[in-house]
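Everything on this sheet refers to the single structure shown next.
The values are calculated or read from the model by the stated rules, or taken from the named source; none is laboratory data. As the structure is a prediction and not an experimental result, all values here were calculated from the model. SASA here: full protein model, heavy atoms, side chains in, ligands and nucleic acids out. Shrake-Rupley method; radii C 1.70, N 1.55, O 1.52, S 1.80 Å.
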Amino acid sequence: MQTRGYGTYRGRSWFRTFLKILIGVLLVLLVLLTAAFFFLEPHIIYSPDGIRIDLPFLSQGGGGGGGAGPVGPVNSFPVETPDLDLNLPDPTPTPEPTPEPGAPFHGVELAAPALYDGTAQSQVDEAGANAAVFDMKSDEGALAYISQLELALDAKVSASDGAINAAIQLLNTGELYTVARISCFRDNTVPRSNMPMAVKTTAGNWRDKGNYRWLSPANPEARAYVIGVCVELAGLGFDELLLDNCGFPTQGKVNIIQSGNNYPAGELEGALETFFQELEAALASYPEVKVSVMTSEAVLAGAQEDLSGLSADLLAAHAWRVWVPSSQEGNDYAALAVDMGLTPDRVVTIAGDVRPLEESWAVLAS
């Protein structure tokens, strides 16, 4: 009953009082437990027999007051070292088995999913090969990994899968020999937004007969970008870098290419020599990574009309292996490579239907 706005006094709620007391007790316990943890934490010992607490003032003789003697077996917890076989790896890792020169190289190109789906080794075995080839920089300019290069980020050519680099590194820690194919200067994307780096005509970017743009090997920024891709792939653990389209373009209307700094007519080989020297310096931290070059019939034959800038001397000096087209119309391109001064174990033939076990070959996607 209310009288003139005042309610009847009912006294304090015993339940509220109980809750306050309970909360107070819990807080005190929490403080004590926290203090105990920080006090005991230095004395917690993890051993193969489990977890124990070693309190020095309990395990040693008492020092004062009643002159207590040593504490008995309650806290004496002896530590024994069991004979454990941990199967730890040798601190010096065993080199991965790789098809070194002298052993035939049998490679097969695999699609990008094999980088992460765990099927790479089985696919290589099924093909009768001993190495996997992956297209890591396509003619379009797309990268099959996540790059940190500014040009790659600006051109949006980097892979989008955030876990791809870790998957590649995991694959490359295994025993499978892996080759990263890199379309060096044939790149349809980066020159679109970076015309100063491109092979050009008076009207803009030059395009080959496949309608692809090209970076110029004579341009320092273009060389630095390609070299940056090579260094990143070496860092991801590939055993071999295969440089494809490594030179100036030779297919299409090359006669309309604008001469100048990006196309120094008569000095094309010098630009490629500079590229190889810069690449070798950049890869000095990865001495185990091999650099091979895909070449053409014209270069192998020493054709005067070849305008790539590549030559037999450059290949012999800078290519660990030379990948050559399959022989056609009676031309033995592998033999031509040997005539250039390359030993047979440094020549890989792009295989057709014939794949001799005693010779090195690779099957690439068309």
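With a 1.4 Å probe and every protein chain left in place, tell me how much accessible area residue 193 has, in Å² to the nearest 10.
For residue 193, solvent-accessible area is about 80 Å².
Principal axes first, then extents: for the Cα atoms of region 149-226, list largest minus smallest coordinate on each axis, whole Å, largest first.
Dimensions of region 149-226 along the principal axes of its Cα atoms: 49, 24, 23 Å.
What is the diffusion coefficient of region 254-322 in µm²/s, taking the Kirkwood radius over Cα pairs and the Stokes-Einstein relation at 10 °C with a viscosity of 1.306 mPa s?
D, rounded to a whole number, is 119 µm²/s.
At 1.4 Å probe size, put 275, 18 in order of accessible surface, largest to smallest.
Result, largest first: 18, 275.
Determine the shape class of region 221-262: with a ≥ b ≥ c the square roots of the Cα gyration tensor eigenvalues, call it rounded for a/c under 1.5, and otherwise prolate if a/b is greater than b/c, oblate otherwise.
Note, shape of region 221-262 comes out oblate.
For residue 156, which lysines qualify as cross-link partners when the Cα separation must be under 27 Å and same-chain residues fewer than eight apart are set aside?
Counting by Cα, and skipping residues close in sequence, residue 156 has these lysines nearby: 137, 200, 209.
If the chain between residue 201 and residue 119 were fully stretched, how many nm would it gain, using 0.36 nm times the residue separation less the Cα-Cα distance?
25.0 nm
Which value, in Å² rounded to 10, gives the accessible area of residue 186 with a 1.4 Å probe and all protein chains present?
Residue 186 exposes around 40 Å² with every protein chain in place.
Let me check against my output: what whole-number percent is the relative contact order of region 245-366, with C-alpha pairs under 8 Å and at least 6 apart?
Relative contact order for region 245-366 comes out at 22 percent.
Using only alpha carbons, build the gyration tensor for region 172-282 and give me the equivalent ellipsoid semi-axes, biggest first, whole Å.
27, 15, 12
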